[in-house]
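So the structure is just underneath, and the comments pick up after that.
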Ligand SMILES: [Zn+2]
């Protein structure tokens, strides 16, 4: 699944979240981009709830253990299945002045 640069609209393959610190540069327009924080949070939350709930309700697994298992699963599955679905955003730099 390819993603599009929100600045130049060309399709790019973004690096893994773990491979960059604050932003990465679009290979076409060199615009500073990052994955959308809201998407990162929402996918993690949705995945953890989806896995934890049936484990606790039907599997009668301790809720803390179920949550730890789903977080671990998400950690390993995210780079493969979720990161390509995150929206990309343009990183804006605010000049530090008048401080
Ligand atoms: Zn671009």
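Throughout, read-outs are computed from the coordinates displayed, never taken from laboratory work. All figures in this text were calculated on a predicted structure; none of them were measured in a lab. Here the Cβ positions follow ideal geometry from the backbone for every residue, glycine too, while neighbour counts run over all protein chains shown.
Fewest first, what order do 83, 37 take by the number of other Cβ atoms within 10 Å?
On the way: 83 20, 37 10.
The most exposed by this proxy come first: 37, 83.
Give me the extension gain from residue 25 to residue 75: residue separation times 0.36 nm, minus the current Cα-Cα distance, reported in nm with one decimal.
Result: 15.6 nm gained on full extension.
Can you tell me the orientation of helix 63-77 relative to the chain, as the angle in degrees between its alpha-carbon axis and the longest Cα principal axis, to the nearest 10?
Orientation of helix 63-77: about 40 degrees from the principal axis.
Would you look at the GNM of the chain, springs on alpha carbons closer than 10 Å, and say which of 76, 23, 86 moves the most?
Between 76, 23, 86, it is 76 that shows the largest mean-square fluctuation.
So what is the 222 nm mean residue ellipticity for the chain from helices alone, if each DSSP H run of at least 4 adds -39500 (n - 2.57) and you divide by all residues, rounding to the nearest 500 deg cm²/dmol? Intermediate results must be reported in sequence, preceding the final value.
On the way: 2 runs with 36 residues, N = 99.
The helix contribution divided over the chain gives -12500 deg cm²/dmol.
Sort 40, 90 so the one with the fewest other Cβ atoms within 10 Å of its own Cβ comes first.
Working: 40 17, 90 13.
Ranking 40, 90 by Cβ neighbours within 10 Å, fewest first, gives 90, 40.
Based on the Kirkwood radius over alpha-carbon pairs, what is the Stokes-Einstein translational diffusion coefficient of the chain at 25 °C with 0.890 mPa s viscosity, in µm²/s? Could you put the intermediate results ahead of the total?
Details: Rh = 15.4 Å.
Answer from the Stokes-Einstein relation: 159 µm²/s.
Percent relative contact order of the range 3-90, based on C-alpha pairs within less than 8 angstrom and at least six residues apart?
Values: 86 pairs, mean separation 33.7, N = 88.
With pairs under 8 Å counted, the relative contact order is 38 percent.
I need 22, 39 ordered by Cβ neighbour count within 10 Å, fewest first.
Working: 22 8, 39 16.
If I rank by nearby Cβ atoms, fewest first, I get 22, 39.
What is the calculated FRET efficiency for residue 45 to residue 16, with r their C-beta to C-beta distance and R₀ = 22 Å, to the nearest 0.05? Walk me through the numbers on the way to the answer.
On the way: r = 20 Å, r/R0 = 0.91.
Efficiency, rounded to the nearest 0.05: 0.65.
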